[in-house]
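Trainee: Quick one: the structure is below, and I'll ask about it shortly.
Derivation of every value follows stated rules applied to the coordinates shown; laboratory data play no part. All values reported here derive from a predicted model rather than from experimental measurement. Cβ coordinates were reconstructed from backbone atoms using ideal geometry, including for glycine residues, and neighbour counts include every protein chain displayed.
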There are 2 protein chains.
Amino acid sequence: MLISTSLATKLDMNPLNELALLFSDKILQVDTILQENAYSEVSVLPLISSHIIESGGKRIRPLLTLAAAELCGGSIEDRAVTMAACVEFLHTATLLHDDVVDESSLRRGKPTAHTLWGNQMSVLTGDFLFARLFQLLVHDGSLDILNLFVQTTQKIIEGEVLQISSKATPLVSREDYFAIIQSKTAVLFETALELGGRVASGTVEQIKGLKSYAHNLGIAFQLIDDVLDYTADESGLGKPIGNDFFEGQITLPLIILFEKMPKGSKSLEKLRETIMQINRDQADLKWVQILLSQYEVFSSVKILAEEYADKARYALDVFPENQLKDILVQLTHFVIHRCK
Amino acid sequence: MLISTSLATKLDMNPLNELALLFSDKILQVDTILQENAYSEVSVLPLISSHIIESGGKRIRPLLTLAAAELCGGSIEDRAVTMAACVEFLHTATLLHDDVVDESSLRRGKPTAHTLWGNQMSVLTGDFLFARLFQLLVHDGSLDILNLFVQTTQKIIEGEVLQISSKATPLVSREDYFAIIQSKTAVLFETALELGGRVASGTVEQIKGLKSYAHNLGIAFQLIDDVLDYTADESGLGKPIGNDFFEGQITLPLIILFEKMPKGSKSLEKLRETIMQINRDQADLKWVQILLSQYEVFSSVKILAEEYADKARYALDVFPENQLKDILVQLTHFVIHRCK
């Protein structure tokens, strides 16, 4: 069963576009910071950096930093713009190293840096962006914020290592899975919003609310992303469908499928074998998609994602009603219903 | 012509071993900091880190940091030990990413992390060590020193990118070559000694002297290293001979050979073609070794290296005579005559 598309919002109405419109001048400043700080006399470095920054999707993380700053402070100062750029820098650097890691051939519908320039340049450009990120932070001058980035980076890396270690094993638990997606997605969302709140001098309660919103939004986002990897078509998602499956990545749909299938059944045994194979093909994917549909796995994941989205909305109670808060609320619905 | 081995010092007399003996208790503390800060609950990370830290050679960089601190301050405080560990952390992280970059199969005679755990884990463990390095520096609390590490990291990366860009092209100039070895070796030597001087409150003149010593020692070291890649045997160097040559790396021996060979000669044309080939074999190496010997290239490089070693010794004039300074002077001779 595919997730219902009845609630899919039109592109020009989605809350990400509303955020982008609301902060359009600030996002231009963010982009300028990114471009200027990716500069190097060694010209291949800014070339690769620009490629990945420009194919950088919807800038959801810097938009969240700006939104958090405005929620807490009423207006956005230069420092929040710098922090928004720093968050995107970290995201971009991890994407570059992730390209090496995943050997994925497509990211957001464009060839990845890796396939264009090779592993070596992806690693070095990622390193270069990490260094430039820390240069921006040193210039900003707060050891606390430097420390936040150090901790965030460590958590992201530990999550990626856990993810690699759990490949092609049918023994990944829900706990492992949630630890992985926490590090992979939720941690940087949390940092993005926490930074906005901190530079706008938000209260302890406000920052706690922002972090909880970010955490739960991030988990809901990733849960649906992992469903979309089995259901979205290539043109819609901009990357090949079945990416996780072919890479041997065990995400929640498979974990729930294992839970739901009768113990000792031949199908369950075949599923285990399929997962543990070195490679899986299109026929394997088709068969697993049928099982996922038969056992109504996607609706189970969606129910869980909605619980996280609920918690995210609840966390915003600490802020008064206004247009911006309303957009952030809409975003929690959007991450659930964005699927084609 | 092979470099003379007549001056080769016995292992137990070499100045690196003397430094190691002089600072043996401090180097143990450095190793403890490295081990403790490589810890992660995700156990594969400290496993890989330990592998590369333990196969970490002679600890020349942290020894230089400790030596610089003692030269400037008379005694070594905890902070100098931390800085020595930070320098080694940066070195280790770049080695891990270099393993991905070079696809070299041997480093210091042991299998590289890359061949044991694959590209993915080498990249992520390198990232993890970068993050832990910056955590140590944040804890140390000096934005100036953080900035020094950021600048050093950037220069190392830019040098590696230049080096990759100059592969398999016969057009590498002396200027390009010196820019590359400056970033590849001299920069981290400079930072190692500058850090020691700074945390021991060395004077401006002392720190200038330390940086000049480090720069010139680093260049001399790398010049001879690039000769050894054509002359040392595998058991002596701990890595395969001809590594640079097979990777298409154009180092000073080849640059000088191009300069010395008669313009328009058939041999010169054949040499160009050999360099520009996708792959070079053992027969190519043998032929190039004969040319290098015939044109007395190695002695040209050695003369140049000795000029840098002279400058390094001269830079130490700012310090009074003592045992430690004498060891650092001996080190400038050792890097020239260490072959085999």
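Trainee: Quick check: pseudo-label points 7 Å beyond the Cα along Cα→Cβ at B:Ser142 and A:Gln151, how many nm apart are they?
Mentor: The answer from the label model is 2.6 nm.
Trainee: Give the dimensionless ratio obtained when the Cα radius of gyration of the stretch B:151-296 is divided by 2.2 N^0.38 Å.
Mentor: That ratio works out to 1.20.
Trainee: Write down the radius of gyration of the stretch B:276-340 and its Dmax, each obtained from C-alpha positions, in Å.
Mentor: Just the Cα atoms of the stretch B:276-340 yield Rg and Dmax of 17.7, 53 Å.
Trainee: Another question, then. Pick from A:Glu190, A:Glu205, A:Glu160: which residue has the top mean-square fluctuation in a GNM of chain A where Cα pairs under 10 Å get a spring?
Mentor: A:Glu205
Trainee: Also, I was wondering about something else. With chain B treated as a Gaussian network of Cα nodes joined by springs under 10 Å, which of B:Arg313, B:Arg280, B:Arg61 yields the largest mean-square fluctuation?
Mentor: Comparing B:Arg313, B:Arg280, B:Arg61 in a Gaussian network model of chain B, the most mobile one is B:Arg280.
Trainee: Evaluate the distance, in nm, between pseudo-label points positioned 7 Å from the Cα of B:Ser265 and of A:Thr32 along their respective Cα→Cβ axes.
Mentor: Placing both labels 7 Å along Cα→Cβ, they lie 5.8 nm apart.
Trainee: Moving on. Among B:Gly126, B:Ile241, B:Ser267, which residue has its Cα furthest toward the positive end of the charge dipole of the stretch B:11-337, with +1 on Lys/Arg Cβ and -1 on Asp/Glu Cβ?
Mentor: B:Ser267
Trainee: Report, in degrees rounded to the nearest 10, the 0 to 90 angle that the Cα long axis of helix B:204-231 makes with the longest principal axis of chain B.
Mentor: Between the helix axis and the principal axis of chain B, the angle is about 40 degrees.
Trainee: Let me ask you something else. Need one value for B:33-44: mean number of C-beta atoms belonging to other chains within 10 Å of its residues' C-beta atoms.
Mentor: Counting Cβ atoms of other protein chains within 10 Å of each residue's Cβ and averaging gives 2.
Trainee: Of B:Leu304, B:Gly197, A:Ala186, whose Cα points farthest to the positive end of the dipole of the protein assembly as shown (charges on the beta-carbon: +1 Lys, Arg; -1 Asp, Glu; origin at the Cα centre)?
Mentor: B:Leu304
Trainee: Further, regarding this structure: On a full-extension model of 0.36 nm per residue, what is the gain between A:Glu41 and A:Glu175, subtracting their alpha-carbon distance, rounded to one decimal in nm? Don't skip to the answer; put the middle values down first.
Mentor: Details: separation 134, 0.36 × 134 = 48.24 nm, distance 4.60 nm.
Gain in length upon complete extension: 43.6 nm.
Trainee: What residue among B:Lys260, B:Lys167, B:Lys270 shows peak mean-square fluctuation when chain B is described by a Gaussian network model with Cα springs under 10 Å?
Mentor: In this elastic network of chain B, the residue with the biggest mean-square fluctuation among B:Lys260, B:Lys167, B:Lys270 is B:Lys270.
Trainee: Calculated FRET efficiency, A:Ser24 and A:Ile303, Cβ-Cβ r, R0 30 Å, to nearest 0.05?
Mentor: That gives a FRET efficiency of 0.25.
Trainee: What's the exposure ranking of A:Lys263, B:Lys26, B:Lys58, going from fewest to most Cβ atoms within 10 Å?
Mentor: Sorted ascending by nearby Cβ count, the order is A:Lys263, B:Lys58, B:Lys26.
Trainee: Sort the following peptides by mean Cβ neighbour count (other Cβ atoms within 10 Å, averaged over residues), highest first: B:219-227, A:316-324, A:68-76.
Mentor: B:219-227, A:68-76, A:316-324
Trainee: What's the extension gain from A:Lys208 to A:Asp78 if we count 0.36 nm per residue and subtract their Cα-Cα distance?
Mentor: Answer, rounded to one decimal: 44.5 nm.
Trainee: OK, next. Roughly how tilted is helix A:143-165, in degrees to the nearest 10 and between 0 and 90, from the longest Cα axis of chain A?
Mentor: 10
Trainee: A further question follows. Taking just the alpha-carbon atoms of the stretch A:248-292, what radius of gyration and Dmax come out, in angstrom?
Mentor: Reported Rg and Dmax, both Å: 9.9, 26.
Trainee: Give the average, rounded to an integer, of partner chain Cβ atoms located within 10 angstrom of each Cβ in B:117-126. Before the final figure, lay out each step's value.
Mentor: Numbers: counts 1, 2, 5, 11, 5, 2, 13, 12, 2, 5.
Average per residue, whole number: 6.
Trainee: Now for a separate question. List the pairs from A:Lys208/A:Lys311; A:Lys211/A:Lys325; A:Lys266/A:Lys286; B:Lys270/B:Lys302; A:Lys208/A:Lys302; B:Lys208/B:Lys325 whose alpha-carbon separation is above 20 Å, in the order I gave them.
Mentor: Beyond 20 Å: B:Lys270/B:Lys302; A:Lys208/A:Lys302.
Trainee: Let me ask something else about it. With θ taken as phi - 60° and the coefficients 6.51, -1.76 and 1.60, list the Karplus ³J(HN,Hα) couplings across the stretch B:30-45 in order, rounded to whole Hz; mark glycine and proline as x.
Mentor: These are the phi-based 3J(HN,Hα) values: 4, 4, 5, 4, 4, 5, 5, 7, 8, 5, 8, 5, 7, 5, 5, 5 Hz.
Trainee: Using each residue's phi in the stretch A:327-334, evaluate 6.51 cos²θ - 1.76 cosθ + 1.60 at θ = phi - 60° and report the 3J(HN,Hα) Karplus result to the nearest Hz, with x for Gly and Pro.
Mentor: Working through the residues one at a time gives 5, 5, 5, 4, 4, 5, 6, 4 Hz.
Trainee: Within a Cβ distance under 14 Å of A:Leu28, other residues only, what is the Lys/Arg minus Asp/Glu net charge?
Mentor: Net of charged neighbours comes to -4.
Trainee: I'd like the orientation of helix A:187-199 relative to chain A: the angle between its Cα long axis and the longest Cα principal axis, in ° from 0 to 90, rounded to 10.
Mentor: Here the helix axis deviates by roughly 20 degrees.
Trainee: Bin width 10 Å, origin at 0, all Cα-Cα pairs of chain B: what percent of pairs per bin?
Mentor: P(r) for chain B, in whole percents per bin: 5, 25, 34, 25, 10, 2, 0.
Trainee: While we're on this one: Amide H of A:Gln249 versus every other amide H placed in the peptide plane: which residues, excluding those fewer than 5 positions away on the same chain, fall under 5 Å?
Mentor: Answer set, sorted by chain and number: A:Ala168.
Trainee: Along the three principal axes, how long is the protein assembly as shown when you take its alpha carbons, biggest first, rounded to the nearest angstrom?
Mentor: Per principal axis, max minus min of the Cα coordinates gives 82, 54, 49 Å.
Trainee: Right, here's the next one. Extending each Cα 7 Å along its Cβ direction at B:Gln294 and B:Tyr314, get the distance between those two points in nm, one decimal.
Mentor: Calculated label separation equals 3.7 nm.
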